[in-house]
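One structure is given here, and the rest of the page talks about it.
The values are calculated or read from the model by the stated rules, or taken from the named source; none is laboratory data. What you see is a predicted model; the values in this text were computed from it and never measured. Virtual Cβ from ideal backbone geometry, glycine too; neighbours counted across all protein chains shown.
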Protein chains: 2
Amino acid sequence: MKDGENEHGNAQSPSVPNVTTRTEFDFIDQLRQRATLQAHSSQTIQLLKLGIGDDAAVVHSSAVKDTVIATDLLIEGIDFRRNTAPANLLGHKALAVSLSDIAAMGARPRWSLISLGVPDDVWQSSFANDFYEGLFHLAGQYDVQLIGGDTSRTPEQIVIDSIVIGECPIDRAIERSGAQPGDQIFVTGALGGAAGGLRLIERGAHLADQNFSANETQALDHLLLRHLQPEPRIGWGMVLGQERLANSMIDISDGLSSDLNHICLESRVGALIHSSLLPIDVQVVELCGRRALDPLQLALHGGEDFELLFTVRPDAVAKLPRRVDGVGITHIGEIRDGSEGVKISEGTRVWELQPGGWKHF
Amino acid sequence: MKDGENEHGNAQSPSVPNVTTRTEFDFIDQLRQRATLQAHSSQTIQLLKLGIGDDAAVVHSSAVKDTVIATDLLIEGIDFRRNTAPANLLGHKALAVSLSDIAAMGARPRWSLISLGVPDDVWQSSFANDFYEGLFHLAGQYDVQLIGGDTSRTPEQIVIDSIVIGECPIDRAIERSGAQPGDQIFVTGALGGAAGGLRLIERGAHLADQNFSANETQALDHLLLRHLQPEPRIGWGMVLGQERLANSMIDISDGLSSDLNHICLESRVGALIHSSLLPIDVQVVELCGRRALDPLQLALHGGEDFELLFTVRPDAVAKLPRRVDGVGITHIGEIRDGSEGVKISEGTRVWELQPGGWKHF
């Protein structure tokens with residue numbers, strides 16, 4: 001990522017990164033340029049609000065409504081492991097990650113489509129039933145309807161593509177590109193829990209683990225579920241979108257450092273966040289801290305918290321509700337001029353916040 | 001498939017097939033029942049026109065328009081092989097199969113999203129560039145805009161999920177369930193070419209193959225491209241939809257025998273088709289016939305021709321255009337009462353047309 005960052009940041013120059021060194025972000029940028037060129041030469045452009053490169057695509061579906069579409073590919077062995085992710089929680093998570101994208105646009109999720117590929121032995125098991133059980137349960141909570149998808153056999157791995165379609169009033173979708181110097185930066189909930197949970201799973205921990213002390217088990221389950229069963233911040237997304245409280249937003253899927261950089265890159269601004277303000281998950285501090293896992297690193301670079309990271313104009317800060325659906329928010333910094341870069345302060349020290357989160361390539 | 005057929009056909013009885021014997025069609029039927037139950041208990045039902053179990057899902061997106069969404073999962077080793085499917089043709093095909101689903105609903109395709117998972121070595125190659133080259137080329141032909149998707153790493157196999165979103169006037173989507181006794185059955189183009197092409201590829205043939213005689217090469221390339229680079233019948237779909245000429249429609253992806261059975265099952269009707277009327281691809285007769293591949297079997301049960309199979313009320317038959325975009329149609333039989341089953345006549349013999357096409361499980 002660090003290697004590709006300069007090339008990616010240099011969005012004005014359409015130089016194509018060398019195939020062998022490009023990151024997925026370079027590639028997505030190329031695709032966007034190509035798709036935009038095509039749109040300019042067609043009649044589609046007036047209908048296309050926002051395409052490649054945000055949490056979701058937005059199209060004008062009527063004179064009053066925009067349609068928002070998110071897709072998330074989950075691959076066994078990369079995004080999850082069959083022996084540590086129970087099928088019902090995987091069904092929950094597959095839907096949750098796309099719901100989170102819709103929330104990050106400030107839209108209301110309406111419909112789900114699931115493309116599911118499984119090998120023969122998985123098909124013969126209760127996997128698909130359990131998977132959809134978890135999915136239907138979460139869908140029911142937000143009145144989201146499963147309307148379609150595809151089913152396929154695979155040679156070995158389970159493959160899931162989760163598509164969620166949402167709606168918002170026309171031109172109300174909150175993009176990554178709307179932040180301006182002076183905006184205040186907020187994040188919902190707590191950070192680092194999902195990455196902490198994943199690290200503990202990788203070290204052999206599991207739900208209701210008898211290897212942990214009695215008073216650690218509840219804390220452990222909390223962290224593992226932050227990874228296995230993330231909760232999308234639908235309520236916050238809709239409040240921030242409908243009342244136009246946020247002017248840019250993203251969900252924390254890659255990690256705070258990467259996702260803040262995404263906002264700054266798209267908005268052509270800088271940022272300064274303060275490590276002392278970061279709402280690090282208390283169980284991360286408790287359980288991970290004493291296992292030589294740095295809570296601050298997990299909060300900054302650990303992915304999949306699926307909290308919302310958003311910016312608010314100074315005059316709108318007072319209008320923010322304190323809690324939505326029982327989830328609070330925390331002020332973590334300010335948007336600065338683009339020339340100042342993306343930085344983090346710790347006490348009197350300030351350093352550059354390199355995107356250190358998840359990347360596929 | 002034959003084992004599961006009775007259970008699947010018995011849609012009134014919600015008995016759940018045993019996990020170990022169910023087909024994918026059983027499973028999709030279960031999902032549909034579950035999703036419908038959920039919809040009835042929510043406020044979504046009035047917006048959901050048609051969900052699981054057709055070529056695409058349909059939702060009311062405004063007072064005048066319906067949105068139609070199709071997804072198709074393509075898995076390396078199951079749906080294609082890396083060494084026989086050139087990347088640009090794979091990009092074409094990934095989009096084409098979903099465009100074909102939209103055409104089968106009588107809708108106009110507007111937007112494409114592609115979720116693409118590839119292993120590291122493929123990412124380092126020109127695969128993704130070539131894949132999108134083929135996809136953009138086809139998208140440009142139909143003014144379809146690539147607006148999003150997801151990119152992921154996979155351990156080994158290439159995985160593609162193709163999502164296409166289309167539109168049609170409200171309540172004009174053509175479902176599988178609208179056929180009535182007395183309707184005439186039509187099919188666009190020619191049948192068996194894609195299956196014939198696949199069989200020849202499996203025997204080692206490739207494009208511009210020097211192992212074939214000079215006058216066979218052109219015929220061979222035609223068949224291979226029927227498999228590798230199918231053409232969706234967008235023009236026919238839109239004509240049949242907008243002018244309400246067809247009352248049921250499906251695209252031939254599984255195979256004529258299976259797809260006709262899908263229409264009859266959903267419409268609760270029977271059918272009689274005549275083998276002498278089937279528009280078997282002339283190159284299948286030529287090239288496959290002399291290689292011990294039965295052209296009639298390929299036309300009946302070979303999948304992926306992506307022609308449209310549709311039914312027309314007797315009084316509407318005279319209104320059908322002869323050709324659309326240079327592609328003709330052929331009358332192949334009639335819809336009968338459900339009690340008569342799904343049958344095929346050959347000379348004076350009539351037998352049951354079992355669904356013999358593609359199934360994943």
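May I ask you to verify whether B:Gln283 is in contact with a helix residue (DSSP H, G or I) (Cβ under 7 Å, 6 or more places away or on another chain) and assigned by TED's automatic domain parsing to the domain that holds B:Glu334?
So B:Gln283 passes the test.
Residues A:Leu353, A:Leu296, A:Leu278: which one is under 19 Å from the mean Cα position of the chain (by Cα) and more than 23 Å from A:Gly178 (Cα to Cα)?
Sole residue among the options that is under 19 Å from the mean Cα position of the chain (by Cα) and more than 23 Å from A:Gly178 (Cα to Cα): A:Leu296.
Among the helices (runs of 4 or more DSSP H) contained in segment B:177-268, which hold 1 or more residues that are without any contact (Cβ under 8 Å) to a residue 24 or more places away in the chain?
Fully inside segment B:177-268 and qualifying: B:193-202, B:214-228.
Any residue at all in segment B:34-56 that's buried (at least 19 other Cβ atoms within 10 Å of the Cβ), modelled with pLDDT of 75 or more, assigned to a loop (DSSP other than H, G, I, E, B) and away from chain A (no Cβ under 12 Å)?
no
With the structure loaded, tell me whether A:Asp130 is outside any strand (DSSP E or B), in contact with a Leu (Cβ under 9 Å, 6 or more places away or on another chain) and either surrounded by 16 or more Cβ atoms within 10 Å (Cβ to Cβ) or more than 7 Å from chain B (Cβ to nearest Cβ) (or both) or whether it fails that test.
yes
Could you run through segment A:98-124 and say how many residues are within 16 Å of the chain's Cα centre (by Cα) and either assigned to a loop (DSSP other than H, G, I, E, B) or closer than 20 Å to B:Leu31 by Cβ (or both)?
Number satisfying all stated conditions: 6.
Can you pull out the residues in segment A:133-152 that are more than 8 Å from chain B (Cβ to nearest Cβ) and in a helix (DSSP H, G or I)?
Scanning segment A:133-152 gives A:Glu133, A:Gly134, A:Leu135, A:His137, A:Leu138, A:Gln141.
Is it the case that A:Ala271 is farther than 18 Å from A:Ala195 by Cα, of a type outside the set (Val, Ile, Thr) and crowded, with 18+ Cβ neighbours inside 10 Å?
yes
From the residues in segment B:153-175 that are facing chain A (nearest Cβ under 10 Å) and within 21 Å of A:Val68 (Cβ to Cβ), which one is surrounded by the most Cβ atoms within 10 Å (Cβ to Cβ)?
Here the residue is B:Asp161.
Could you list all residues from segment B:285-304 that are among the small types (Gly, Ala, Ser) and in contact with a strand residue (DSSP E or B) (Cβ under 9 Å, 6 or more places away or on another chain)?
Those that are among the small types (Gly, Ala, Ser) and in contact with a strand residue (DSSP E or B) (Cβ under 9 Å, 6 or more places away or on another chain): B:Ala299, B:Gly302.
From B:Ala194, B:Ala219, B:Ala179, B:Ala208, grab the single residue that is more than 14 Å from chain A (Cβ to nearest Cβ) and either among the β-branched types (Val, Ile, Thr) or on the phi > 0 side of the Ramachandran plot (or both).
Among B:Ala194, B:Ala219, B:Ala179, B:Ala208, only B:Ala208 is more than 14 Å from chain A (Cβ to nearest Cβ) and either among the β-branched types (Val, Ile, Thr) or on the phi > 0 side of the Ramachandran plot (or both).
Is it fair to say B:Ile201 is among the β-branched types (Val, Ile, Thr), at pLDDT 90 or above, assigned by TED's automatic domain parsing to the domain that holds B:Arg290 and within 26 Å of B:Ser257 (Cβ to Cβ)?
So B:Ile201 passes the test.
Only residues that are buried (at least 23 other Cβ atoms within 10 Å of the Cβ) and among the small types (Gly, Ala, Ser): list them for segment B:211-252, please.
Answer for segment B:211-252, where residues must be buried (at least 23 other Cβ atoms within 10 Å of the Cβ) and among the small types (Gly, Ala, Ser): B:Gly237, B:Gly241, B:Ala246, B:Ser248.
Can you go through B:Val285, B:Val317 and tell me which one is at pLDDT below 95, surrounded by fewer than 18 Cβ atoms within 10 Å (Cβ to Cβ) and outside any loop (DSSP other than H, G, I, E, B)?
Just a single option satisfies the conditions, and that option is B:Val285.
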